[in-house]
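First comes the structure, then the notes that go with it.
The values are calculated or read from the model by the stated rules, or taken from the named source; none is laboratory data. Note that the structure is a prediction, hence the values are computed from the model and not measured. Neighbour counts are summed over all protein chains in view; Cβ atoms, including those assigned to glycine, are modelled from backbone coordinates with ideal geometry. Heads up: the accessible areas ignore ligands, DNA and RNA and are worked out on the full protein's heavy atoms, side chains in. Shrake-Rupley method; radii C 1.70, N 1.55, O 1.52, S 1.80 Å.
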Amino acid sequence: MSDVIVIGGGPAGSAAARICAKAGLSTRILEEHASLGYPVQCAGLLSNNAFAECEVSDRSVYNTVRGAKICGSEGHSLSFDAKMTKAYVVDRGRLDHEMGISAAEAGAEFSLKTCVTRINPGKKIIHTAGGEELPYNILIAADGPRSVIARGLGIPPSPFIYSGIQAEVPWNGDPSLVELHPNAAPEFFAWVIPMSEKRARAGLCGTKNVPELFTKFLSRFPGSTIHSVTGTIPIGIRRKTFGSGCMLIGDAAGFPKPTSGGGVYTGIRSARFAAQTAIESFEAGDTSDAFLSRYESLWRQDFGRELDMGLKALEFRRNLDPQDIDALIDALNTPDNLDLITRFGDMDRPSDLLKRLAAKPSLYGTFGRLGFKGIVRSFFG
């Protein structure tokens, strides 16, 4: 029996397995697909911090971006450019594969085409589609938004489940800026992520009418589209992230950022805390839930408040109509505000910027009318 079983070979699962194996724990990864990184279910835009957390080479990088252009209705837009790399556009299949190789080199054993179908938490046994019954001491669940393990533990899902669609399209915009189109997706936003001067990834996310909204958005890009991908994004932390010898990490725990939908940064951060807890658990000879509860304390101290704040910001965004979005863009589109966004904007930890913007007297009227200041005040006083 392995010391640690990890379910899911994405970035979070591979990171957790690599750390556990490197510490000397016998570690096995169960991955339902035949190869790591495929099918791709991610927009493939990683912040500087997220990319650094992956600990990979630059072989998966297509492009780097320095800022963003936010596009509302015609005549309402703003752009900011940090003049330095702020994010990486990557080939997620290649990146995931490289992370898997690192885990294997550290000593983790991979079992591909191994789908976990259910868990018996009382006996600490997991069952696979192939008929295996695998006992575990510690189980780290990186099995995505529809986590079999979370369901088997009776932990309710995230409050919001978003669906996303993306395709590669012909494009001739600024390759250094990501485009965001909030009015194209009433509950979230659409995006254009430049891969080069001629190609980009166009995508959109929401909870309803997503195919229709995406088709409409895609009409802005005449020409052939390729490599269409879909994915599911759980927004909102699950009520509990451990139990019966298990720890939920990444999407399985509801850790994608509500402000962007990105889950790599928080996924790998949570993987590090789960691996740390697993290592300490074996050192102490204690795999009880009382001991594993420290995992939840660790991730909450690190990024829990950011995710809570982000969920409030998302709920605020869901109540904005196109006219509100345009008013917000116009209010932010001043040299002082753009400088603030450029200097303090952080894809992974946006609360500092939100607090600074809420304190700007020039934004009191717009933020007050839209109800944003109340959200910020509830977190920062």
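Look through region 218-244, keep the residues that are polar (S, T, N, Q) and under 12 Å from Ser158 (Cβ atoms), and return whichever of them is surrounded by the most Cβ atoms within 10 Å (Cβ to Cβ).
Going residue by residue through region 218-244, those that are polar (S, T, N, Q) are 219, 224-225, 228, 230, 232, 241, 244.
This time we only want the ones that are under 12 Å from Ser158 (Cβ atoms), so: 232, 241.
Details: Thr232: 15, Thr241: 27.
Among those that are polar (S, T, N, Q) and under 12 Å from Ser158 (Cβ atoms), it is Thr241.
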If Tyr62 passes every condition in (1) open to solvent by 70 Å² or more (accessible area, probe 1.4 Å); (2) modelled with pLDDT of 95 or more; (3) not in a strand (DSSP E or B) but one, which one does it miss? (3)
Can you tell me which of Leu46, Leu25 is within 19 Å of Glu168 (Cβ to Cβ), modelled with pLDDT of 95 or more and among the hydrophobic types (A, V, I, L, M, F, W, C)? Leu46
Cβ pairs under 6 Å, 6+ apart or interchain, first in region 305-325 and under 9 Å from Thr259 (Cβ atoms) and open to solvent by less than 20 Å² (accessible area, probe 1.4 Å), second part of a helix (DSSP H, G or I) and modelled with pLDDT under 90, ordered by first then second residue, are Met309/Ser351; Met309/Phe379
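Mind checking which residues of region 298-334 are under 20 Å from the mean Cα position of the chain (by Cα) and of a type in the set (S, T, N, Q)?
First pass over region 298-334, keeping only residues under 20 Å from the mean Cα position of the chain (by Cα): 298-318.
The one that is under 20 Å from the mean Cα position of the chain (by Cα) and of a type in the set (S, T, N, Q): Gln301.
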Please go through (1) open to solvent by 30 Å² or more (accessible area, probe 1.4 Å); (2) part of a strand (DSSP E or B); (3) not acidic (Asp, Glu) for Ala68 and return the number of the only condition it doesn't satisfy. (1)
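Report whether or not Ser297 is open to solvent by 50 Å² or more (accessible area, probe 1.4 Å) and among the small types (Gly, Ala, Ser).
Numbers: open to solvent by 50 Å² or more (accessible area, probe 1.4 Å): yes; among the small types (Gly, Ala, Ser): yes.
Yes; evaluated as a whole, the condition is true for this residue.
Within region 341-356, track down each residue that is under 16 Å from Glu306 (Cα atoms) and either in a helix (DSSP H, G or I) or of a type in the set (Ser, Thr, Tyr) (or both).
If we filter region 341-356 for residues that are under 16 Å from Glu306 (Cα atoms), which is where we start, we get 344-356.
Selection gives Phe344, Ser351, Asp352, Leu353, Leu354, Lys355, Arg356.
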Among the candidates Met247, Met347, residue that is open to solvent by 50 Å² or more (accessible area, probe 1.4 Å), among the hydrophobic types (A, V, I, L, M, F, W, C) and touching a residue at least 40 places away in the same chain (Cβ under 8 Å): Met347
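Hey, which of the strands (runs of 3 or more DSSP E) in region 120-202, taking only ones fully inside, have at least 2 residues that are among the small types (Gly, Ala, Ser), touching a residue at least 24 places away in the same chain (Cβ under 8 Å) and under 30 Å from Ile5 (Cβ atoms)?
Counting at least 2 such residues, we get 160-170.
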